[in-house]
Amino acid sequence: MSVQQIELNPWHKRQAALIHHFTSMAYLKSILPRAEHLIAMADAMLEERSHLDAMGIAHANWNQTSTAIHFATHAYPALVEFRDGIVEDIALRAFERYGPAGENQCARMLSEYAPRLIWATDEQEVSFKAEAERAFRYAAGLSGYVTRPGMVHDLAFWLDWNAGHINRQRVPRFRVRTDLVGVSGKTPPRTGVYVPKDEPYGALQFAWTGGYGELDDVYDLNHFGMMVLQRVGRKGLWGDTDALYRMLDENRGMNRAGWEQITAADSKHSAPHIARMMFESHPCEWYFVEMIEGEYEDIDGTYAGTGGPSVQQTRVPARKPCPRAGWWYTPAQIGRRYFKQDDVFPVIANSDWGDTFWLWALDQSTPKLG
């Protein structure tokens, strides 16, 4: 039986590269020295300042929560637990087990039991808190992709891509394995990256076989999201903040409580605001995305990859000729349709989606009958 060969669209290639980076063993191991450094900083501060507790209580109006011993008893164990959790996660990789790095729990404990380090010097407090913030932000790179239920959508990938976490000019080559199919809510056939079938704007996911790693529902653009996409284009999503703000401004009735305070002066922050109304989740089938060892692809550095001629990134308006023979679909109609090159794409009348646009289907296999 032949296996249908399909290719990831440009932004899905970027998503796959990001997921592989953040879920790699190398990235997990690189969190460990950051956690150990926080413990070493705390040890040094406690050794230098603990003897001042009695004097602070007697002469500086400290209460028990202001002391070094309070930090050592209630906050310090959270640092140790953070470090030990990373060590355990490294060991569990042998059993195909993945999970968040634990930075959120540690940060909450520090916020609750050590909101101020009155017992330390001002310089020590500033330095420790800044280092903790950097370590937690770094660990969150992993946690965001393995937390269940998953919440990563296209904007989140766009932000990670533009943060420069990986080489934006060269990414690994990937192969879509249509013979390895997963289903939302089920354990995947193999640990790794999965692309939603026939959802070009649906976000890729990481799923694993060692427990609690089931595939989630796909996060995809909803009706309003597709309207925004048609207005700003793939290239303008999410960087054209002025266009996004105009779309938000024209549709304030959708989210009166959330958008009423946003003005033109806030347009540079419009992407996360409008994104809250642009996505929906639903179950789907997924294909396994295999990284081809030792092979790489030079790209243009953008997230959308709109500098190239790839048909997978194309949305073609109705009444225009089909640029390539194959299976295409439109959000205005359920299912795929086959078009020959130069066939004219039809208009779907009376559609709630407005103007009709046709998109290249990820799955190019012939539909099965019956």
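Quick check on my filter: what residues within segment 86-128 are β-branched (V, I, T), touching a residue at least 24 places away in the same chain (Cβ under 8 Å) and open to solvent by 60 Å² or more (accessible area, probe 1.4 Å)? So that I can check it myself, show each step before the final result.
Of all residues in segment 86-128, those β-branched (V, I, T) come to 86-87, 90, 118, 121, 126.
From the residues that got through so far, the ones that are touching a residue at least 24 places away in the same chain (Cβ under 8 Å) too are 86-87, 90, 118, 121.
Hits for segment 86-128 are V87, I118.
Test W238 against the stated conditions and say whether it is closer than 19 Å to D160 by Cβ and modelled with pLDDT of 95 or more. Steps first, please.
On the way: closer than 19 Å to D160 by Cβ: yes; modelled with pLDDT of 95 or more: yes.
Judged against the criteria, W238 is a match.
When residues of segment 213-227 are filtered for being open to solvent by less than 20 Å² (accessible area, probe 1.4 Å), more than 30 Å from E96 (Cα to Cα) and within 20 Å of the chain's Cα centre (by Cα), how many remain? Before the answer, list the steps.
Taking segment 213-227 first, the residues open to solvent by less than 20 Å² (accessible area, probe 1.4 Å) are 213, 215, 218, 220-221, 224-226.
When the remaining residues are screened for being more than 30 Å from E96 (Cα to Cα), the result is 221, 224-226.
Now restrict to residues that are within 20 Å of the chain's Cα centre (by Cα): 221, 225-226.
Selection size over segment 213-227: 3.
For every residue, the table says whether it meets (1) polar (S, T, N, Q); (2) within 21 Å of N104 (Cα to Cα).
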site	(1), (2)
I6	no, no
P10	no, no
S24	yes, yes
K29	no, yes
P33	no, yes
I39	no, yes
M45	no, no
S50	yes, no
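Please go through segment 205-227 and pick out each residue that is in a strand (DSSP E or B) and among the hydrophobic types (A, V, I, L, M, F, W, C). Break it down stepwise before answering.
The first filter runs over segment 205-227 and keeps only residues in a strand (DSSP E or B), leaving 205-207, 218-221.
Answer for segment 205-227, where residues must be in a strand (DSSP E or B) and among the hydrophobic types (A, V, I, L, M, F, W, C): F206, A207, V218, L221.
Could you give every pair whose Cβ atoms fall below 9 Å, whose first residue belongs to segment 328-343 and is at positive phi, and whose second residue is surrounded by 14 or more Cβ atoms within 10 Å (Cβ to Cβ) and outside any loop (DSSP other than H, G, I, E, B), counting only separations of at least 6 or pairs across chains?
Note: pairs meeting the criteria are G335/Y329.
Give me the pairs: first residue in segment 222-235 and on the phi < 0 side of the Ramachandran plot, second residue modelled with pLDDT under 90 and in a helix (DSSP H, G or I), beta-carbon distance under 9 Å, and six or more apart or on different chains, which are they?
F224/M254; R234/Q313
Identify all residues within segment 54-76 that are assigned to a helix (DSSP H, G or I) and either free of Cβ contacts under 8 Å to residues at least 12 places away in the same chain or of a type in the set (V, I, T) (or both); write none if there are none. I'd like the intermediate steps shown before the answer.
First, pick out the residues of segment 54-76 that are assigned to a helix (DSSP H, G or I): 54-59, 64-66, 68-76.
A54, M55, I57, A58, H59, Q64, T65, I69, T73 - these are the residues of segment 54-76 that are assigned to a helix (DSSP H, G or I) and either free of Cβ contacts under 8 Å to residues at least 12 places away in the same chain or of a type in the set (V, I, T) (or both).
Name the pairs: first residue in segment 173-186 and under 11 Å from P283 (Cα atoms) and charged (D, E, K, R), second residue open to solvent by 60 Å² or more (accessible area, probe 1.4 Å) and not in a strand (DSSP E or B), Cβ to Cβ under 8 Å, at least 6 apart or on different chains?
Short answer, once both residue conditions are applied: K186/E214.
When segment 243-296 is examined, which residues are found to be charged (D, E, K, R), part of a helix (DSSP H, G or I) and open to solvent by less than 90 Å² (accessible area, probe 1.4 Å)?
Result: D249, R252, D266.
Give the residues of segment 157-212 that are small (G, A, S) and crowded, with 16+ Cβ neighbours inside 10 Å, sorted by residue number. Reasoning before the result, please.
Within segment 157-212, the first condition is being small (G, A, S), and the residues that meet it are 163-164, 182, 184-185, 192, 202-203, 207, 210-211.
The answer is G182, S184, G192, G202, A203, A207.
The values are calculated or read from the model by the stated rules, or taken from the named source; none is laboratory data. Note that this is a predicted model, so its numbers are computed, not measured. Every residue, glycine among them, receives a Cβ derived from its backbone with ideal geometry; neighbour counts consider all protein chains shown. Just the protein is used for accessible areas: all its heavy atoms, side chains included, with ligands, DNA and RNA removed. Shrake-Rupley method; radii C 1.70, N 1.55, O 1.52, S 1.80 Å.
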